[in-house]
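One structure coming up, written as structure tokens, with questions to follow.
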Amino acid sequence: MVAFKLVAFDLDGVLVDGLGSWIEVHKALGTYEYSKNHGNEFYSGKITFDEWARRDVELWKGVEIERIREILYRVKLMNGAKETINKLKEIGCKTAIISGGLQILADRVKKELDIDYAFANKLICNNGRVCGINQIVDFNGKGNILKMIAERNGIDTKKCAAVGDYINDIPLFKTAGFSIAFNPKDNEILKFANVVIFEKDLTKILPFLHGD
């Protein structure tokens, strides 16, 4: 079995078990129905991903950032997440979160699980209230971020593994040497996965990442 040196994880639906950080906030703030229109416009090619994110965050303008943090800190870790990260660290793997979700949740999970890197999208605040978004992870940009992390650590991308669940993880899967679709939300991602897991237990990925 290949000894992987870096494992990159999507966040929503992979390291955490929830609706997705954007949806969690929309549902809690009562803005979900408005946000669905933005998503529909993106998927129909009418607006860019950046515009989708900007319009969504406009719905939260003026909301206290602590309220957003409170919502996202209620999201539960995926079953087996802690055990999985601990095992990967034991065998010397670097770990990373690469998410199109919100940096607040990514930072929380990074700290809680002692993950090496966390890249997501950062809310901009003014006087403690939301006023904008800094788009760090584009819809099709996860592969480039994996390359950057790998280069920073002197790791060949063939020695990288990726775990994701949605079509925006396809560029990540194409870049990594080995890919696992974890409870995939779209059939398209299956074409790019080496392994598919249909069980909400992240430890199920471990046999594919080391020889035990």
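Scan (1) closer than 19 Å to Leu15 by Cβ; (2) touching a Lys or Arg at 6+ places or on another chain (Cβ under 9 Å) for the single condition Ala181 breaks and write down its number.
Only one criterion in (1) closer than 19 Å to Leu15 by Cβ; (2) touching a Lys or Arg at 6+ places or on another chain (Cβ under 9 Å) is unmet by Ala181, namely (2).
Also, I was wondering about something else. Given the criterion of a type in the set (S, T, N, Q) and out of contact with any strand residue (DSSP E or B) (no Cβ under 9 Å at 6 or more places or on another chain), identify the matching residue among Asn144, Asn126.
Asn144
Every residue, every condition in (1) basic (Lys, Arg); (2) more than 22 Å from Lys147 (Cβ to Cβ), yes or no:
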| residue | (1), (2) |
| --- | --- |
| Val75 | no, yes |
| Lys82 | yes, yes |
| Lys87 | yes, yes |
| Ile91 | no, yes |
| Ile97 | no, no |
| Leu105 | no, yes |
| Arg108 | yes, yes |
| Ile115 | no, no |
| Ala120 | no, no |
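So, one more: State yes or no: is Glu151 without any contact (Cβ under 8 Å) to a residue 12 or more places away in the chain, surrounded by fewer than 17 Cβ atoms within 10 Å (Cβ to Cβ), over 16 Å from the mean Cα position of the chain (by Cα) and under 19 Å from Leu209 (Cβ atoms)?
Considered against the rule, which asks whether it is without any contact (Cβ under 8 Å) to a residue 12 or more places away in the chain, surrounded by fewer than 17 Cβ atoms within 10 Å (Cβ to Cβ), over 16 Å from the mean Cα position of the chain (by Cα) and under 19 Å from Leu209 (Cβ atoms), Glu151 comes out as no.
Shifting gears a bit: Taking the criterion of being touching a strand residue (DSSP E or B) at 6+ places or on another chain (Cβ under 6 Å) and either in contact (Cβ under 8 Å) with a residue 40 or more places away in the chain or crowded, with 18+ Cβ neighbours inside 10 Å (or both), would at least one residue in the range 37-53 satisfy it?
Yes, because at least one residue in the range 37-53 is touching a strand residue (DSSP E or B) at 6+ places or on another chain (Cβ under 6 Å) and either in contact (Cβ under 8 Å) with a residue 40 or more places away in the chain or crowded, with 18+ Cβ neighbours inside 10 Å (or both).
Just to verify a result, which residue in the range 105-119, among those that are more than 14 Å from Lys89 (Cβ to Cβ) and within 12 Å of the chain's Cα centre (by Cα), is surrounded by the fewest Cβ atoms within 10 Å (Cβ to Cβ)?
Asp107
The conditions are (1) under 27 Å from Phe198 (Cβ atoms); (2) surrounded by fewer than 20 Cβ atoms within 10 Å (Cβ to Cβ), and Phe173 fails exactly one of them. Which is it?
For Phe173, the failing item is (2).
Right, next: Would you mind telling me which numbered condition in (1) small (Gly, Ala, Ser); (2) within 24 Å of Lys27 (Cα to Cα); (3) buried (at least 21 other Cβ atoms within 10 Å of the Cβ); (4) touching a strand residue (DSSP E or B) at 6+ places or on another chain (Cβ under 6 Å) Gly164 fails?
If we test Gly164 against (1) small (Gly, Ala, Ser); (2) within 24 Å of Lys27 (Cα to Cα); (3) buried (at least 21 other Cβ atoms within 10 Å of the Cβ); (4) touching a strand residue (DSSP E or B) at 6+ places or on another chain (Cβ under 6 Å), just (4) comes out false.
All but one of (1) in the same structural domain as Arg129 (by TED's automatic domain parsing); (2) farther than 18 Å from Ile136 by Cα; (3) touching a Leu at 6+ places or on another chain (Cβ under 8 Å) hold for Val63, so report the exception by its number.
In the conditions (1) in the same structural domain as Arg129 (by TED's automatic domain parsing); (2) farther than 18 Å from Ile136 by Cα; (3) touching a Leu at 6+ places or on another chain (Cβ under 8 Å), Val63 misses (1) alone.
Inside the range 88-130, can you point out the residues that are under 17 Å from His26 (Cβ atoms) and of a type in the set (A, V, I, L, M, F, W, C)?
The answer is Leu102, Ile104, Leu105, Ala120, Leu123, Val130.
Please work out which one of (1) closer than 27 Å to Asp56 by Cα; (2) at pLDDT 95 or above is the condition Asn140 fails and give its number.
Every condition holds for Asn140 apart from (2).
Before we move on, is Asp12 under 22 Å from Asp107 (Cα atoms), among the charged types (D, E, K, R), buried (at least 16 other Cβ atoms within 10 Å of the Cβ) and assigned by TED's automatic domain parsing to the domain that holds Ile97?
yes
While we're on this one: Kindly indicate the residue of the range 190-206 that is out of contact with any strand residue (DSSP E or B) (no Cβ under 6 Å at 6 or more places or on another chain) and within 11 Å of Thr84 (Cβ to Cβ) and also surrounded by the most Cβ atoms within 10 Å (Cβ to Cβ) among those meeting that condition.
Leu202
The values are calculated or read from the model by the stated rules, or taken from the named source; none is laboratory data. Quick caveat: nothing in here was measured; it's all calculated off a predicted structure. Note that we place each Cβ from the backbone using ideal geometry, even for glycine, and neighbour counts take in every protein chain shown.
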